[in-house]
Amino acid sequence: MSEPKRGEKFRLLAEELRRGIAEVRWPEGRLPTEQQLSKEQGVSLNTVRRAVDLLVNEGLVYRRQGSGTYVQAEQPRTGPVVGAIVPSMTYYYPRIIAGIESEVARNGAQLLLRSTGYDVAQERLAVESMVAAGAQGLLIVPELSAQADAHACLDGLGLPVVLVERRFRSGSDIYEFVCSNHAAGGYLAARHLFSLGHSRIAFLARSSPHAAEVAHGLREALAQRGLEPAQEHTGGRWTAADAENCLDLLLEQGCTAALCFADREATLLVAAAAKRGLAVPGDLSVISYDDEVADLSAVPLTAISPAKQAVGRLAVQTLLRRLAEPDAPLQQHLVVPALVVRDSTDIHSSSRG
């Protein structure tokens, strides 16, 4: 098993503490001290404090000044046990996890959380462990494209499931899901650039399950205006050299704006433009898709921002409704991202008076 990534350790420790509470590992109701947990688990004190803070926010434990951390007397909770399986606890997913955690806590439910590292085998092991631990329903971000038998796997779970940020795109889309409407995000980006006078818009992306959806929304917006799609480039993880090559391509096509998937790629493009002596947004307007670190770019990036916490909360609500009303009609939710305007977009020079 790979070493947990930065930002993941405290969630893994929180899950271990949840299991300990459920197993009455500390029958006197008092958790080990933070120093003891740090030594036992081989993690920093900051990791321990973040894990305990999470359990305090969930109402599982409370701190008594000068005495220690205690399990709430009213435990265990009376709500259902919800399992959540995500591919990563770092980039993109922390806000979704936060939404899940807050909604689970608000409803008095219990949460089991696992990360799979985008690995199908780990995903199936996580499902098995959660079913064995008593999960009554599952929230899953599944690796659908990597599983030829994805339908059979979902049908064979034997308990309610809500897909998160993943769905089938055909008549076989018969499962409940909560997803960001990434195509709508691409459409919103195009409309913003149109409003600034841009008509030659490049789409530049790293490989991602969502990049094609974003590109589709951009193309649809262009088609509605009778415009041809400009330069498109999708590849693996970018380097600075890739950004410079993409800049060459979009300039050859006469593009005055670019929509980049995601923040890192947009930041590299801004750096490539600066190296070439081009100003952003004076010579080139840039929109980032994701908004994880868009505001940290040398030029703070206008961004399409998926409503990740809302997705997490709505996924929990959908699953709890299914548990309460097993025969209710299936629901599928698309959540439209927001446009966050910063400094990287401006009026195209030809549109100025």
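The values are calculated or read from the model by the stated rules, or taken from the named source; none is laboratory data. Remember, it's a predicted structure, so these values are computed and weren't measured experimentally. We place every Cβ from the backbone using ideal geometry, glycine too, and count neighbours over all the protein chains shown.
Condition first: outside any strand (DSSP E or B) and in contact with a strand residue (DSSP E or B) (Cβ under 8 Å, 6 or more places away or on another chain). Now tell me which residues in the range 111-121 satisfy that.
Correct list: T116 only.
Could you check how many residues of the range 326-350 are part of a helix (DSSP H, G or I) and more than 30 Å from V293 (Cβ to Cβ)?
Here is the first cut: in the range 326-350, the residues part of a helix (DSSP H, G or I) are 349-350.
In the following step, the residues that additionally are more than 30 Å from V293 (Cβ to Cβ) were identified as 350.
Within the range 326-350, residues that are part of a helix (DSSP H, G or I) and more than 30 Å from V293 (Cβ to Cβ) number 1.
Take the residues of the range 41-66 that are in a loop (DSSP other than H, G, I, E, B) and not small (G, A, S): which is surrounded by the most Cβ atoms within 10 Å (Cβ to Cβ)? Working first, answer last.
The initial filter retains those residues of the range 41-66 that are in a loop (DSSP other than H, G, I, E, B), namely 42-44, 59-60, 65-66.
If we keep only those that are not small (G, A, S) too, we end up with 43, 60, 65.
Numbers: V43: 18, L60: 22, Q65: 5.
Result: L60.
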Within the range 191-208, of all residues that are out of contact with any Phe, Trp or Tyr (no Cβ under 8 Å at 6 or more places or on another chain) and within 14 Å of E232 (Cα to Cα), the one surrounded by the fewest Cβ atoms within 10 Å (Cβ to Cβ) is S207
Select from the range 18-40 the residues that are at pLDDT 90 or above and in a helix (DSSP H, G or I) and write down the one among them that is surrounded by the most Cβ atoms within 10 Å (Cβ to Cβ). L37
Across the range 304-325, what is the number of residues that are buried (at least 21 other Cβ atoms within 10 Å of the Cβ) and not in a helix (DSSP H, G or I)? 2
List the residue pairs whose Cβ atoms are under 7 Å apart, where the first residue sits in the range 192-205 and is β-branched (V, I, T), the second is buried (at least 20 other Cβ atoms within 10 Å of the Cβ) and in a loop (DSSP other than H, G, I, E, B), and the two are 6 or more positions apart or on different chains. I201/A230; I201/C255
